[in-house]
């Protein structure tokens, strides 16, 4: 079957980022000082464990960033047409979750629907009569799900043994992966390896176990592990799809702040005088506007532009993608003031140092001095700010979505899920599962990002290292 | 001192002009007044007469930046930009674009009090709670209490404030029925409606602030004068309060002062979640209904408050640390 590759803006940027990351890793491997600093990140169990979580999430994001549209069966003589739905490589793996769509809400692992439905009498069936001899009212019953536990003969009797069997299989799979990883990493986990490989193994094993449970429970004629939402879509699927949105917002928006902050920050600190005055004026103006209002203003303008140019997009996804891309650009353009201020202060300090004066004495141009002597020495600030901002922006996305200036409503995102959950939590009986799964996944990502950011800051910021909390038992060993 | 404040105010005026320019460019050049009129009158058939009438009512019928039909200074003053800017600087916000929303200045005056009822207790309690919590952690630095306290902080920081609000409303209002889910009443009754939002936002903001203050206090606690204070026999509590806290005042003022403009703008999320008719809910409604006149006014108001609170922060420095001089 043919297909047509779809290249989205955010896909391009994400893959470029990956190339940049690989390049950076190569630089780090060659540079001894950098390697030693990064080693300090992975010595701490928290740093290592969070890195494992983030790498897995990044893999999901990248798998979700190769898009294509399947070819539709050719109509005689017509041009080749393509499906309006855009799929990603990740969707191929999750095909089962997409296809097993129910009618409405269902609880996690349910075999029956969540709300009662009226069963219409079957065609040709004799109408049931009540005691007065009149046709009885149609019955309202919990409908049997089309896909949840479809293989069970008797849903009530067979449910528990089936789930237990699947859980057992899942556990076996998880343990097998854990043992495999142990065999692979055994040498690294030895006493002489300073890196926290044991933490990496434990995190990876836990994730493998969860993943394996998820696969075993939904495999074949399995269940909806996290239930279904109002339109019957699998909640697990929309949660996994939300990971990409969170990653795109977190990484793209921070990266978008860097060019402006670097250019303005270093220029202001190096040239001082009127250049400094002008740049300070610009960022004071920007930061005196309440952030959310500035973003709202820009997003509303973007909305107008997109509404006026419907011809630019072939599918709804391309439209939603341009929206999230521009949202990241807006977040970048409105959010560079903080980093810029840091870089300016650092440059002011650096430009008075002897080696910069020596470079000036040798006749190096300002451009060369800024690029060769100042830029490498402020990069640690950029790195620290980037990793700290990452988690903050994922949280911010939820707020923006609530205000109505976040990502496109058609796009899966944690903010969107939480907003929907707001209404679901006030239903009776309460629909808690989409809220719970958004909560768990979001907290895992943000917590991992926060812990990783802390480890990076401790390693790269000499001032911060002293204040790291030391676990009492660990201190006794090092002392 | 007075000289310094005056100079800062003058610079603030310059910043306000910049803010005004940005918002004007954002709101009027991308979206022409005609577009806004069409959007606000709504409906499929909008006649040019209706648009003209709408524009005249709101004073949008003049050229945007430059009036070439007139001569002299009128070329610049008989424009939408001039009218809007001058009226903003006089704090005359005019009418909302949306006909039912009414006079913006009146709404702001009505709602500011409501917002302050929510945000001022939240600000004070939050500052108090996080400073005490951070001091407490630093007192037990290097122990299990400190370690698990920081772990709890990092975990709590990783939870979206939306989740605090939704889960809190569910637990305390629906399950335990301790407080009304949402709503507002005037006078003393307001307390009943405000307890839950204040408590939840306190919880949501506590961890981040406390962790930040903890690093500040730790930095001070490692210094020589603290050791001297302990050596002369002061109790740990007194060392914390009189020495560590007092010397970490400047960064605390900076970060707490940064929250001041937010006090008047109200809690964006809290107010709309709990149905409190303050400025935050007003702003969110304006964004949702794309009412640019209100958003513009709020941007301007926010900028004014930001500038004022920065001056206030600088003045507070001299109070906290006599070594700081105004120049």
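Among the numbered conditions (1) closer than 30 Å to residue A:44 by Cα; (2) touching a helix residue (DSSP H, G or I) at 6+ places or on another chain (Cβ under 8 Å); (3) within 11 Å of chain B (Cβ to nearest Cβ); (4) modelled with pLDDT under 90, the only one that residue A:439 does not meet is (4).
One line per residue, one yes/no per condition, for (1) assigned to a loop (DSSP other than H, G, I, E, B); (2) out of contact with any helix residue (DSSP H, G or I) (no Cβ under 9 Å at 6 or more places or on another chain):
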site: A:4; (1), (2): no, yes
site: A:14; (1), (2): no, no
site: A:26; (1), (2): no, yes
site: A:38; (1), (2): no, no
site: A:56; (1), (2): no, no
site: A:69; (1), (2): no, yes
site: A:73; (1), (2): yes, yes
site: A:85; (1), (2): yes, no
site: A:103; (1), (2): yes, yes
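Of everything in segment A:208-221, what is under 15 Å from residue A:444 (Cβ atoms) and surrounded by fewer than 18 Cβ atoms within 10 Å (Cβ to Cβ)? Give them in sequence order. Give the steps one after another, and end with the answer.
So the first thing to find is which residues in segment A:208-221 are under 15 Å from residue A:444 (Cβ atoms), and the list is A:208-211, A:214.
Answer for segment A:208-221, where residues must be under 15 Å from residue A:444 (Cβ atoms) and surrounded by fewer than 18 Cβ atoms within 10 Å (Cβ to Cβ): A:209, A:210, A:211, A:214.
Going through (1) away from chain A (no Cβ under 14 Å); (2) at pLDDT below 70; (3) surrounded by fewer than 15 Cβ atoms within 10 Å (Cβ to Cβ) one by one, residue B:67 falls short only on (3). For the subset of segment B:154-186 comprising residues that are at the interface with chain A (Cβ under 9 Å from one of its Cβ atoms) and not in a helix (DSSP H, G or I), which member is surrounded by the fewest Cβ atoms within 10 Å (Cβ to Cβ)? If we take residues in segment B:154-186 being at the interface with chain A (Cβ under 9 Å from one of its Cβ atoms) and not in a helix (DSSP H, G or I), then B:181 is surrounded by the fewest Cβ atoms within 10 Å (Cβ to Cβ).
Only one of (1) under 21 Å from residue A:313 (Cβ atoms); (2) surrounded by fewer than 13 Cβ atoms within 10 Å (Cβ to Cβ); (3) modelled with pLDDT under 90 is not met by residue A:12, so which one is it? Failing condition for residue A:12: (3).
Of all residues in segment B:198-225, those that are without any contact (Cβ under 8 Å) to a residue 60 or more places away in the chain and either closer than 30 Å to residue B:182 by Cβ or more than 14 Å from chain A (Cβ to nearest Cβ) (or both) total 7. Per the conditions (1) over 22 Å from residue B:15 (Cβ atoms); (2) surrounded by fewer than 19 Cβ atoms within 10 Å (Cβ to Cβ), the sole criterion not satisfied by residue A:275 is (1).
Just wondering, is there one or more residues in segment B:122-130 that are away from every other protein chain (no Cβ under 14 Å), without any contact (Cβ under 8 Å) to a residue 40 or more places away in the chain and closer than 20 Å to residue B:271 by Cα? Write out each step before concluding.
Of all residues in segment B:122-130, those away from every other protein chain (no Cβ under 14 Å) come to B:122-130.
This time we only want the ones that are without any contact (Cβ under 8 Å) to a residue 40 or more places away in the chain, so: B:124, B:128.
Keeping just the survivors that are closer than 20 Å to residue B:271 by Cα gives B:124.
Within segment B:122-130, one or more residues are away from every other protein chain (no Cβ under 14 Å), without any contact (Cβ under 8 Å) to a residue 40 or more places away in the chain and closer than 20 Å to residue B:271 by Cα.
Selection of segment B:260-273 for residues being at pLDDT below 85, more than 9 Å from every other protein chain (Cβ to nearest Cβ) and under 28 Å from residue B:136 (Cβ atoms) yields B:260, B:263, B:267. Candidates in segment B:134-153 are the residues that are surrounded by 19 or more Cβ atoms within 10 Å (Cβ to Cβ) and touching a helix residue (DSSP H, G or I) at 6+ places or on another chain (Cβ under 6 Å); of these, the one that is nearest to the other protein chains (Cβ to nearest Cβ) is B:146. In segment B:17-36, of all residues being more than 8 Å from every other protein chain (Cβ to nearest Cβ) and under 18 Å from residue B:306 (Cβ atoms), the one that is nearest to the chain's Cα centre (by Cα) corresponds to B:20. Taken together, the residues in segment B:137-146 that are part of a helix (DSSP H, G or I) and in contact (Cβ under 8 Å) with a residue 12 or more places away in the chain amount to 3.
Which residues, counting only those in segment A:349-384, are under 24 Å from residue A:451 (Cα atoms) and in contact (Cβ under 8 Å) with a residue 60 or more places away in the chain? Across segment A:349-384, the qualifying residues are A:378, A:380, A:382, A:383, A:384. Collect the residues in segment A:295-305 that are surrounded by 22 or more Cβ atoms within 10 Å (Cβ to Cβ) and at the interface with chain B (Cβ under 7 Å from one of its Cβ atoms), keeping them in residue-number order. Correct list: A:296, A:297.
For segment A:239-347, which helices (runs of 4 or more DSSP H) that fit wholly inside it have 1 or more residues that are closer than 28 Å to residue A:437 by Cα and in contact with a helix residue (DSSP H, G or I) (Cβ under 9 Å, 6 or more places away or on another chain)? Quick ask: steps written out before the conclusion?
Numbers: elements: A:273-288, A:291-308, A:316-334.
Filter on segment A:239-347 gives A:291-308, A:316-334.
A single member of B:307, B:284 is within 14 Å of chain A (Cβ to nearest Cβ), surrounded by fewer than 23 Cβ atoms within 10 Å (Cβ to Cβ) and without any contact (Cβ under 8 Å) to a residue 24 or more places away in the chain, and it is B:284.
A single entry from B:245, B:234, B:250 fulfils the requirement of being more than 19 Å from residue B:19 (Cβ to Cβ), surrounded by 14 or more Cβ atoms within 10 Å (Cβ to Cβ), free of Cβ contacts under 8 Å to residues at least 12 places away in the same chain and away from every other protein chain (no Cβ under 12 Å): B:234.
Quick check on segment A:411-424: of everything there that is over 14 Å from residue A:227 (Cβ atoms) and facing chain B (nearest Cβ under 9 Å), which residue is surrounded by the fewest Cβ atoms within 10 Å (Cβ to Cβ)?
A:422
Of all the listed residues (B:294, B:276), the sole one being in contact with a helix residue (DSSP H, G or I) (Cβ under 7 Å, 6 or more places away or on another chain) and within 12 Å of chain A (Cβ to nearest Cβ) is B:294. Condition first: closer than 24 Å to residue A:444 by Cα and modelled with pLDDT of 90 or more. Can you find one or more residues in segment A:19-27 that meet it? Yes, segment A:19-27 contains at least one residue that is closer than 24 Å to residue A:444 by Cα and modelled with pLDDT of 90 or more.
The values are calculated or read from the model by the stated rules, or taken from the named source; none is laboratory data. From a predicted model like this one, the values you see are computed outputs, not experimental measurements. Cβ coordinates were reconstructed from backbone atoms using ideal geometry, including for glycine residues, and neighbour counts include every protein chain displayed.
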